[in-house]
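Trainee: Shown below is the structure under consideration.
The values are calculated or read from the model by the stated rules, or taken from the named source; none is laboratory data. The structure displayed is predicted, hence computed values, not measured ones. Glycine gets a Cβ as well: all are built from the backbone with ideal geometry, and neighbour counts include every protein chain shown. Accessible surface areas use protein heavy atoms only, side chains included; no ligands, DNA or RNA. Shrake-Rupley method; radii C 1.70, N 1.55, O 1.52, S 1.80 Å.
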Amino acid sequence: MSGRETVMLVARREFVERGRAKAFRIGTLVTLVIVALVAVLPTVLGVGGDEEYTVAVADPAALDVARAAQEDARAFDATITVRQLAAPAASRALEAGDVDAVLTTGGVRAKEKPDDALVDTLQAANRRVRVTRALRAAGVSGDELRTVLAPPPLRVATVEPVDEQQDERGGFAFFTVILLYGQLITFGFLVASGVVEEKASRVVEVLLSTISARHLLTGKILGLGLLGLVQLLLIAVIGLGAAGATGALEVDRDVLVAAGLALAWFVLGYAFYSCAFACAGALVPRQEELQSTTSPLTLLILVSFFLSFAVLDAPDGTLARVSSFLPFAAPMTMPTRIALGEASAVEIVAAIAVTAAATVALIPLAGRIYSGAVLRTGAAVKFREAWRAARA
Amino acid sequence: MLELIDLRRRYGDVVALDGVSFSVAPGQMFGFVGPNGAGKTTTMRIVLGVLEPDGGEVRWRGAPVDLAIRARFGYMPEERGLYPKMRVRDQLVYLARLHGLDAGAALRAAESWIERVGLTARAGDRVEELSLGNQQRVQLGAALVHGPELLVLDEPFSGLDPVGVDVLSGVLRELADGGVPVVFSSHQLELVERLCEAVAIIKDGRLVATGQVEELRERGRRGRLVRVAVEGADGWRPALPGVEVGEQGPDGLLLHLRDDGDPDRLLDAARAAGRVTHFSFERPTLSQLFRRVVQDEGAPV
């Protein structure tokens, strides 16, 4: 049997056996539900949409101020509904929470501390109305008033083009980071615990009497990686589909490219980490001891996870640029920058090349540690012993 | 024929194997015995290529063993050797395929072995759901599913009840009769003596005895073990130079003669004690041989 056939057989077993495990299926389902909910909920709950306020006007003299505020609010993506109520009715409405504030000539009354945006809008409107009245009383004509009070607005220009979708892209990048983090940790652990399972049950002895350690390791990593990729693809399709359908995110070409690149980065990151996780598994005799050898790797992934949050804040900063070329961090920080639209094509290609090169360098080292340690039963194997035990 | 030629292996400073050589003929049942830590498992792992020797080699039918040849060997490691969460049938099919059978042949072989070890009703169950005895049956099926040309088993009888021992002995006997050499290690020496034509006794990484069981027992006899029964003198214990008193059995007292012990003087002493009803040189059993070579600082048999 050729090496390729052997690797395919091993990979298929990993894919099928892990894929049909109940824990895996339930985990996938729960993730999908969460992703779909997170994509849909903001729209359903109206979070992030226009702010809406209701203001009761108990004093006809204050009506001008309310109308002026209503006009100004549009500039802030807010809507103010004005209800004219008698004083007692206004108080009752305020008490019942039907209105956000009661406006009188002298002041604003709210149940609890009112939104600053609402108060600021009302204050500005009040100033404008009073100034208008004063000017009019001083005999300023309507045209002059308009020139004074409604000057042509300041024109806003930016050096770089404005991305109307910036907030949405931030949310998308945030999700990409969380999903990649979860996926790398989960599948890294699956590789490690799969290796321990074979070691603890001595299946590995039976396997290695027939196939080489290299083929076994390659097949295991390929099979589990494919499963992780399929799961991630499913999550991406459902998540983007839900977000696109509800309008939470405009799924354009840029988003699809970023999602595709995030999947590619999962493959890169998984390739890098899975080799290391396989060694971590091979070094210990039992599942219970896995923690001791995997914790440095978990820590690296965690550090990359937090780096990605820093990158979310400053996708163009020094940290973001440097971490793109650290093979352990790039699989999480780079997709973040790509999702935010802050990575140039040259940077993307260079970062991919660096991570891929590091992985290629890691594979023979990992293979040596793995084959040196995987047959050592009894106590945990020291790193150096495993290195020496493996002969070329 | 399987040949092990001068196998050497160290683990750090510990010498696990110090020049182990023996051969197993086609159709032979071969017992591999020795105290714990003597190097049995290390030897078997080297035969299966799971471990690289520091020196020496393993030959099968005259050729050095490689991965392709090993695919035709069957191996049962000491504990489990199965995926706990995999279903019985899937497991056997998978192992058969790794040994080079195509999908159809692998499925047929798996079904046939499942039936043969009596697990048809449990074929769809996970291995971890089976009792230990049933798991051992799956293990046997796993070692045999690809129709191996050589079978190596590490402590296959440990933990089996008497019925299980009989079933397994039957299967192994059948294979050996079919021409497949069967090598297994065991601490149950009576069982090894009953089943095996040949044995190797290993101690501290060195073979202290190897050959046909009958031959070893015959060689071990040479006036060294004497059984004497003296009528009317139950408490008789000779005090002679070179004679060690052993246990009192139903057919008489067992005595060990060292090199300086004289059987004639022993017989004279017995006759002086009473009427001698039995005086014979005994062939040591395998366990007696084993104790002798293992305890007497590895003195060769």
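Trainee: Can you give the accessible area per residue of region B:174-301, in Å², using a 1.4 Å probe? Write down the numbers at each step before the final one.
Mentor: Details: 6670 Å² over 128 residues.
So region B:174-301 comes to 52 Å² accessible per residue, rounded to a whole number.
Trainee: Name the lysines eligible as straight-distance cross-link partners of residue A:22: C-alpha to C-alpha under 18 Å, and not fewer than 8 places from it in the same chain.
Mentor: Excluding near neighbours in sequence, the set is B:85.
Trainee: Estimate for me the total accessible surface buried between chains B and A (protein heavy atoms, probe 1.4 Å, no ligands or nucleic acids), in Å² to the nearest 100.
Mentor: On the way: alone 14820 and 21590 Å², together 33870 Å².
Summed over both sides, the interface buries about 2500 Å².
Trainee: Provide the percentage of antiparallel DSSP beta bridges, counting only those with both residues in chain A; round to the nearest 5. Walk me through the numbers before you get to the answer.
Mentor: Numbers: 2 of 12 bridges.
That works out to approximately 15 percent antiparallel.
Trainee: Over chain A, average the accessible area per residue using a 1.4 Å probe and give it in Å², no decimals.
Mentor: Working: 20290 Å² over 392 residues.
With the other protein chains kept in place, chain A gives 52 Å² per residue.
Trainee: Among DSSP beta bridges lying fully in chain B, give the percent that are antiparallel, nearest 5. All intermediate terms of the calculation are to be shown ahead of the outcome.
Mentor: Details: 37 of 52 bridges.
Restricted to chain B, the bridges split so that about 70 percent are antiparallel.
Trainee: Something else about it: Comparing B:152, B:165, B:93, which has the greatest mean-square fluctuation in the GNM of chain B with Cα pairs linked when under 10 Å apart?
Mentor: B:165
Trainee: What is the extension gain from residue A:197 to residue A:157, computed as 0.36 nm multiplied by their sequence separation minus the C-alpha to C-alpha distance, in nm to one decimal?
Mentor: Working: separation 40, 0.36 × 40 = 14.40 nm, distance 6.13 nm.
Result for the pair: 8.3 nm of gain on full extension.
Trainee: Let me ask something else about it. As an exercise, use a Förster radius of 35 Å and the Cβ-Cβ distance of residue A:41 and residue A:349 to find the FRET efficiency, rounded to the nearest 0.05.
Mentor: On the way: r = 37 Å, r/R0 = 1.05.
The value I calculate is 0.45.
Trainee: Work from the charge dipole of chain B (Cβ charges, +1 for Lys and Arg, -1 for Asp and Glu, about the Cα centre) and give the residue of B:32, B:147, B:131 farthest towards its positive end.
Mentor: B:147
Trainee: Within region B:199-220, find all residues whose amide N lies under 19 Å from a label point positioned 7 Å from the Cα of residue B:285 along Cα-to-beta-carbon.
Mentor: Zone members listed by number: B:199-201, B:213-220.
Trainee: Go ahead and set up a Gaussian network model of chain A, Cα springs under 10 Å, then flag whichever of A:262, A:242, A:138 fluctuates most.
Mentor: Taking springs between Cα atoms under 10 Å, the residue moving most is A:138.
Trainee: Report, to the nearest whole %, how much of the accessible area of the protein assembly as shown belongs to carbon and sulfur atoms, 1.4 Å probe, protein only. Numbers along the way, then the final one.
Mentor: Numbers: 19120 of 33870 Å².
Heavy-atom surface of the protein assembly as shown belonging to carbon and sulfur, 1.4 Å probe: 56 percent.
Trainee: Follow-up question, since we're still on this one. What value, in deg cm²/dmol to 500, does the helix sum -39500 (n - 2.57) over DSSP H runs of n ≥ 4 give at 222 nm once divided by the residues of chain A?
Mentor: Numbers: 15 runs with 273 residues, N = 392.
Per the formula, -23500 deg cm²/dmol.
Trainee: Between residue A:357 and residue A:303, what is the label-point separation in nm under the 7 Å Cα-to-beta-carbon projection?
Mentor: Between residue A:303 and residue A:357, the simple spin-label model gives 2.1 nm.
Trainee: Put a dot 7 Å past each Cα toward the Cβ at residue A:388 and residue A:75; how far apart are the dots in nm?
Mentor: Label at residue A:75, label at residue A:388, 7.8 nm between them.
Trainee: Just grab the label-to-label distance for residue A:256 and residue B:125, each label 7 Å out from Cα along the Cβ direction, in nm (one decimal).
Mentor: 5.2 nm
Trainee: Towards the positive end of the charge dipole of the protein assembly as shown, with charges on Cβ (+1 Lys, Arg; -1 Asp, Glu), say which of B:267, A:273, A:8 has the farthest Cα.
Mentor: B:267
Trainee: Where in chain A are the DSSP H helices whose C-alpha atoms run 30 Å or more along the long axis and whose mean Kyte hydropathy is at least 0.5? Mind showing how you got there, number by number?
Mentor: Details: long enough: A:22-45 (33 Å, 2.04); A:116-137 (31 Å, -0.22); A:166-200 (50 Å, 0.73); A:213-246 (49 Å, 1.57); A:253-282 (43 Å, 1.46); A:290-313 (34 Å, 1.49); A:345-373 (41 Å, 1.60).
What comes out of the filter, once short or polar helices are dropped, is A:22-45, A:166-200, A:213-246, A:253-282, A:290-313, A:345-373.
Trainee: Right, here's the next one. Placing +1 on the Cβ of each Lys and Arg and -1 on the Cβ of each Asp and Glu in the protein assembly as shown, which of B:281, B:106, A:190 has its Cα farthest towards the positive end of the resulting dipole?
Mentor: B:281
Trainee: Shape call for the protein assembly as shown from the C-alpha gyration tensor, a ≥ b ≥ c root eigenvalues: rounded (a/c under 1.5), prolate (a/b greater than b/c) or oblate? Write out the running numbers ahead of the final one.
Mentor: Numbers: a/c = 3.85, a/b = 3.29, b/c = 1.17.
Prolate shape, in that a/c is at least 1.5 and a/b is the bigger ratio.
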